[in-house]
Amino acid sequence: MAGATIDEIRERNDVVDVVGGYVNLTKAGARLRGLCPFHQEKTPSFMVNPEKQFWHCFGCHEGGDVFTFVMKMEKMSFPEAAEHLASRAGLTFSRSQRTPQEETRRQKILRANIEAERFFHSILNDTRGSHGLTKWQERGVDEGILQQYRLGYAPDSWDSLWTYLQRHKTSADIAEAAGLIRRRNDGTGHYDYFRNRLIVPIRDVQGRVIGFGGRALGDDPAKYINSPENEVFSKRAVLFGLDLTSRAISEADAAIVVEGYMDQIALHQYGFVNSVATMGTAITPEHLSRLVRYTRNLYIAYDADSAGMNAILRSAGLFEEQEMSVRIVEIPDGLDPDDLVRKRGAESMRQAVDSAVSLVDYRIRQAIRQFSENKSAGRLSEDEYTAQMILSAVPIIAEIVSPVQREALAVKLAQEWCSPDLQRVTRAAEAIRREVDMHRRRRTRSEHAGSTPHSSRRPQPTAAQRPASSSESPTISMKVRGIVRAERDLLAAMLQRDILPDLLEPLRPEKFIDPQDREIAGWLTRQVSAGGEISVEQWLGQDTESAKSDDLRKLVSELLVQETSFLKNEGAVDDRVRKILDYWKKKETREKIENLAKRIDAGETVDSEEWNRLQFPCT
Ligand SMILES: [Zn+2]
């Protein structure tokens, strides 16, 4: 079967579907809008034009077509992206025939993982794997989940995977890099890393196997082991299950975050599809920027005493920064979510989720727990008890940025602790306010004392933002910017084929003042006069030697996504054409005046008629 062409691959991969796999897109007129995956933002400035199959971010000015998106998102070369999109559409694309480029090490590792997954999973139907299948069944994992997650088993043997991999042409170097085998100490070869373990393939959001988790079945002291970190596997970034659950998370507008893959698998099976697992680490900024594409509402169901939970309690600022609402799910009786649903059913998990408390409430509850014990044991008077609780809660309340929320919490706690005695409630609320204010003032002072100036992290202006001429005086460059804006309106209208270039006469391409605009206008005009199709993708030609610059691609994508509603106003096109032509007329006049002035300086006599005509070019 002959390989697909680039155009065929493009045709079969709708940019809306591909981008939609990473970004939650909502309709905005004829365009779609979402949060940009390439820069941090809270209000969406990432736009997709479904008709032109282009995308562009008005925040960071990235943009392009479906290939560019995959290249940026997956950090792939063009041939890699083409291959990826081809297989996504069920096409074949042979990179070797196009670019005789070596398969990257990254891809070799991914391929080794696919082979290993096939081995671990298919062995369940084999006598060597029946023990594993029984163990999965004993854990209550049903057939559907077993298939969906392609769960598996590593037999109790030193070399069954390694033998299999060798038969399937995986080199020792790559299998070792993938963390599937290890080198023997005596240098006589390799042995399997996962032995006598239930195997859970770990996938990225695209569904590619990037590593494995192994749960010991024997008496191995390491109950859980994971693939070591490598080019494709980073524990900090991975959210287990997200490839299967991102849609459910979007739809529910909430994600349940658990600590282990066994918990996530169990929740999924029991109907909590909108769940993901971190890999036993804390929730990282990488996790949050991934999750925020689907929801801002997190339900954290971590083990109460775990290191991960402690880290979360200290991460309040991180969540607030991302405008995430975080609730803590308390699982009763020290169970984990896996045990809870399997032993007590989905309903008990549902109740735990429904009674989840905010992060602040949870922290305060933790902080005051000891005092309520002391009080009930009669070691504290009522007033001592209240004072202790206020002092413990103050640092937590003081961290909240919003003054409204601080006040609401102060009142709520005072009521909780001192009701029904109204006088005591009022006094307690005042005490909390006073202490919180003092705490915040102290903190601000110490921050200022040791502060370093923040470095400016504003992105560099790109071609699309930069005025065409930055060396001119501010007023002139303002004017130039206005003209460039007019040029780009016209180019956007032409690229989106609302108007044809010959309607712009007498505005010839060389009249565009910005060099990039000129290049685009020139190409459009040539294209139309040759009676050709306007195929921007081919012109940009990112897969060829003659590929246009990155800046030009970004500009074109912006123009393709930009609104062209100005066309509705009568005379809008003519106004813009005139604006550009006026610029040249004025420039010409200015030059003539300078010329005349020079001639006068040089002692020449100048015809006064000529002079007057220039000063008043319009009369
Ligand atoms: Zn962006």
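Numbers below:
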{"quantity": "The stretch 51-83-the stretch 184-233 distance, computed between alpha-carbon centres (Å)", "calculated": "33"}
{"quantity": "Stretch gain in nm, segment E138-S381, where the contour uses 0.36 nm per residue and the Cα spacing is subtracted", "calculated": "82.2 nm"}
{"quantity": "Calculated P(r) of the stretch 363-444 - Cα pairs past 14 Å, %", "calculated": "61"}
{"quantity": "Whether the stretch 147-220 is rounded, prolate or oblate, judged on the alpha carbon gyration tensor where a/c under 1.5 counts as rounded", "calculated": "oblate"}
{"quantity": "Inter-probe distance in nm under a simple model that places probes 7 Å from Cα toward Cβ, at K568 and K592", "calculated": "4.2"}
{"quantity": "Cβ-derived FRET efficiency at R0 41 Å, K27 paired with S529, nearest 0.05", "calculated": "0.65"}
{"quantity": "Cubic angstrom per residue, convex hull over Cα atoms of the stretch 242-355", "calculated": "89"}
{"quantity": "Portion, in percent, of the accessible area of the stretch 95-223 that falls on carbon or sulfur, probe 1.4 Å", "calculated": "45"}
{"quantity": "By average C-beta atoms within 10 angstrom, highest first, the peptides 549-562, 204-217, 507-520", "calculated": "549-562, 204-217, 507-520"}
{"quantity": "Tensor-based shape of the chain (alpha-carbon gyration tensor, a/c under 1.5 rounded, otherwise prolate or oblate)", "calculated": "oblate"}
{"quantity": "Residue-normalised accessible area of the stretch 242-355, expressed per residue, 1.4 Å probe, Å²", "calculated": "39"}
{"quantity": "For peptides 422-431, 79-88, sequence by mean Cβ density within 10 Å, most packed first", "calculated": "79-88, 422-431"}
{"quantity": "Restricting the stretch 372-411 to trypsin sites (Lys or Arg not before Pro) in coil, as DSSP defines it, with at most 12 other Cβ within 10 Å", "calculated": "R379"}
{"quantity": "Debye intensity ratio I(q)/I(0), log10, the stretch 6-98, q values 0.10, 0.24 Å⁻¹ (C-alpha model)", "calculated": "-0.25, -1.21"}
{"quantity": "Shape of the stretch 72-193, Cα gyration tensor, a/c cut at 1.5", "calculated": "oblate"}
{"quantity": "Highest-first arrangement of 597-603, 339-345, 45-51, where packing means the average Cβ count within 10 Å", "calculated": "45-51, 339-345, 597-603"}
{"quantity": "Pairs beyond 24 Å (Cα-Cα), from K75/K554; K52/K108; K75/K235; K169/K235; K108/K223", "calculated": "K52/K108; K169/K235; K108/K223"}
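The values are calculated or read from the model by the stated rules, or taken from the named source; none is laboratory data. This one's a predicted model, so the numbers in the text were calculated from it and none came from an experiment. With ideal geometry, Cβ positions are generated from the backbone for all residues, glycine too; neighbour counts draw on all protein chains shown. Side chains included, ligands, DNA and RNA excluded: accessible areas come from the protein's heavy atoms. Shrake-Rupley method; radii C 1.70, N 1.55, O 1.52, S 1.80 Å.
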